[in-house]
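Below is one structure, written out as structure tokens; comments come after it.
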Amino acid sequence: MSVLVVVECDNGEVKKSSLEVASYGSQVAQLLGTTATAIAVGVASEANLGQLGEQGISKVLYDAEPRLKDFVNGAYTKLIAAAAEKEQSQVIVLANSNIGAAVGSRLSVRLKASLATNVVELPKVEGGKFTVRRGAYSGKALSDVVLTSDRKIIAVKKNSIEALHNAGQAATVEQFSAQLTDTDFADAPKQVIMQEQAGGVLLPEADKVVSGGRGMKGPENWYLIEDLAKALHAATACSKPVSDVDWRPHHEHVGQTGITVSPNLYIACGISGAIQHLAGVNSSKVIVVINKDPEAPFFKAADYGIVGDVFDVLPKLTQAVKELG
Amino acid sequence: MKFLVCISNVPDTTTKITFTPDNKEFNKAGVQFVINPWDEYALTRAIELKEAQGSGTVTVINVGEADTEPNIRKALAIGADDAIRVNAKPTDAFFVAEQIAAIAKEGAYDVILMGRESIDYNGSQVHGMVGELLGIPTVAPAMKLDMSGNTATLEREIEGGKEIVEVTTPFVASCQQPMCEPRIPNMRGIMTARTKPLKVVQPVGSDARTEVAEYALPPKKQGVKLIPAENAGELIKLLRNEAKVI
Ligand SMILES: Cc1cc2nc3c(=O)[nH]c(=O)nc-3n(C[C@H](O)[C@H](O)[C@H](O)COP(=O)(O)OP(=O)(O)OC[C@H]3O[C@@H](n4cnc5c(N)ncnc54)[C@H](O)[C@@H]3O)c2cc1C
């Protein structure tokens, strides 16, 4: 009755958020006195899957069906359900990603399981109660939720659990077939289009983010944001009005009605700090605010701040990062 | 074509969140409730598609108690044709999904739309659960939805990109920007909404699978450390040596 963790792979690499998920799962397994097995989805490499031992995984299941390389909700759900049956898993852990939310919700119905998404801490198991802490009210609150069904599915918020390293020896990698058929691929994508990434860092996975607001004055000034992001190996983001007027693409819009991020470092440049913006970023570990208005509400939510003009301050910061080496 | 749009009733985005003294429930006192902003994309797109097809209906469904009716009327004012309220407290995502699936099945809806998540519970669960309960595909989260006959072409957001997906009716999709420009009610809409049918039905099933034990507020920040603009480079040193994040 091992704990099952779902690891998403991309170009042979296990995604960072899935290393966190694997670490979460192996710690839950320890808590319950069992082992953790992983089921891999996406384009995986056997060598990298074996390394999941470092996150405490003992065994990895992998279905070599080529059509599993892209996200297909029907097929992924069936694959993970089959792995859960084989492993008799009472707890299934996935990332709170677009894939994790889509698959986890279907899976919870199929396996008659309790589901908690957006989970930010390891569970507490006390007096027969299994409780997880999750983010609610778009980052403005946390809630402790008891999962009452025998089976439990947990989707872990990105960057909220530290990935383990050296937690164990190499995991064994086993071929596994869920005997998927054409009907399982009914919602297979006709086409997959990936974004151009400035500096190659994906916003949802990033542990550092440089974000710009209306104070940047126009898209022609975004090189200032991009230069600092590149120097820091950070992703770029923006406030809602910036994407509404197409200065930046929609997938960069963070906040209550955009994406929620919780990187280790969030640098806000020329963003006022409206409550809807803060909701999407306030679980970031360190927040830096650069704004020329000392009364900007964002300073109240910040750890470090510079009252100043972004056009003056940003080049200095980029220069200072380069000097650090 | 019959569209079913699921709307939830959530605190306005400017709400300062507080809880009842035992921390077991959200404190509704003085709070303005709105249609979940993500659901507005679903509602507007359903109306646009119906208009383009020149026939069909848009029904909104809400699982909630009588206090959600002002926002149901607002959805009717925006352009939905009729509404169903399942008279129950929405205890958890599974319970809500069961209600929606039952109504969807009974009414034989072709397209079931909702927002990508609710801004209060942030579950992002109901779409997949409804799809699974009905045994039909769910496309979530969708950034674009076009229909041609019974075939829908959607753009599904994935981390770092998008997938183009084709499904035939019936299906479920969860919606987000930039699918459409959400509409706001006009005067005529508000007048006609008053007389559009709003049916109240009793819930089915009952087994919620989760229980909220307690709410808490996130830890407060210590206060901001300001660095003079002339010395901007100092910030980078602090981020490395003090905060240890770079
Ligand atoms: C239902 C709803 C949902 C919303 N959801 C979101 C959301 O998800 N995300 C989001 O971001 N917003 C959201 N908003 C919008 C939000 O209320 C704010 O309007 C928005 O965040 C403001 O963006 P901004 O800070 O970039 O612009 P502004 O509020 O215009 O702020 C610009 C800031 O830049 C500063 N500035 C100007 N020039 C300079 C300079 N040269 N150097 C330094 N600083 C400078 C100014 O002092 C100011 O503080 C939502 C609103 C509603 C009603």
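Observations
- Set the Cα radius of gyration of the range B:2-218 against 2.2 N^0.38 Å, with N its number of residues, and you get 0.99.
- If R0 is 22 Å, the Cβ-Cβ spacing of A:Thr172 and A:Ala64 corresponds to a FRET efficiency of close to 0.90.
- Chain A: angle of helix A:73-87 to the longest principal axis, Cα-based, in degrees nearest 10: 50
- Remark: chain A carries a charge dipole of roughly 780 debye about the Cα centre, counting +1 on each Lys and Arg Cβ and -1 on each Asp and Glu Cβ.
- The portion of the accessible surface of the protein assembly as shown made up by carbon and sulfur, rounded to a whole percent, is 50 (1.4 Å probe; DNA, RNA and ligands excluded).
- Gyration tensor (alpha-carbon) shape descriptor, the range A:37-89, a/c threshold 1.5: oblate
- Computed from the alpha carbon positions, the gyration tensor of the range A:1-121 leads to an equivalent ellipsoid with semi-axes of 18, 17, 13 Å, biggest first.
- Scoring A:204-214, B:44-54, A:167-177 by mean Cβ neighbours within 10 Å over their residues and listing the highest first yields A:204-214, B:44-54, A:167-177.
- Point-to-point label distance, A:Glu13-B:Lys244, nm (Cα→Cβ direction, 7 Å offset): 2.5
- Long pairs among A:Lys86/A:Lys190; A:Lys322/B:Lys244; B:Lys28/B:Lys225; A:Lys152/B:Lys89, criterion Cα-Cα beyond 26 Å: A:Lys86/A:Lys190; B:Lys28/B:Lys225
- Across the range A:83-213, the relative contact order, built from alpha-carbon pairs under 8 Å that are at least six residues apart, equals 24 percent.
- Chain B: relative contact order in percent, alpha carbon pairs under 8 Å with at least 6 residues between: 24
- Size of electric dipole in the range B:2-218: Cβ of Lys, Arg +1 and of Asp, Glu -1, about Cα centre, debye, nearest 20: 700
- Heavy-atom accessible surface of A:Asp187, to the nearest 10 Å², is about 10 Å², with a 1.4 Å probe and all protein chains retained.
- The C-alpha atoms of chain A define a longest principal axis, and helix A:98-110 lies at about 30 degrees to it.
- The label point for A:Gln30 and the one for B:Thr14, both projected 7 Å from the Cα toward the Cβ, are 4.8 nm apart.
- Rounded accessible area per residue of the range B:106-233, 1.4 Å, Å²: 46
- Nearest 10 degrees, 0 to 90: helix A:16-32 Cα axis against chain A principal axis: 50
- Heavy atoms of B:Arg116 accessible to a 1.4 Å probe, total area in Å² rounded to 10: 40
- Surface per residue (accessible, 1.4 Å probe) for the range A:2-185, Å²: 35
- Rule-of-thumb Rg ratio for the range B:190-246 [Cα; 2.2 N^0.38 Å; N residues]: 2.64
- Enclosed volume per residue, in Å³, of the convex hull spanned by Cα atoms of the protein assembly as shown: 152
- Residues of the range A:276-316 whose accessible area (probe 1.4 Å, heavy atoms of protein chains only) drops by at least 40 Å² once all protein chains are present, relative to their chain alone: A:Gln276, A:Asp303, A:Tyr304, A:Gly305, A:Ile306, A:Lys316.
- With a Förster radius of 51 Å applied to the C-beta separation of A:Asp182 and B:Glu230, the computed FRET efficiency comes to 0.15.
- Cα-based shape type of the range A:259-322, given that a ≥ b ≥ c are square roots of the gyration tensor eigenvalues and the cut on a/c is 1.5: oblate
- For chain A, the relative contact order comes to 15 percent (Cα pairs under 8 Å, sequence separation of at least 6).
The values are calculated or read from the model by the stated rules, or taken from the named source; none is laboratory data. Small disclaimer: the values here were computed from a predicted structure and weren't measured. Glycine also receives a Cβ, built like all others from the backbone with ideal geometry; neighbour counts cover every protein chain displayed. Remember, those area values only see protein heavy atoms, side chains included, never the ligands or the DNA or RNA. Shrake-Rupley method; radii C 1.70, N 1.55, O 1.52, S 1.80 Å.
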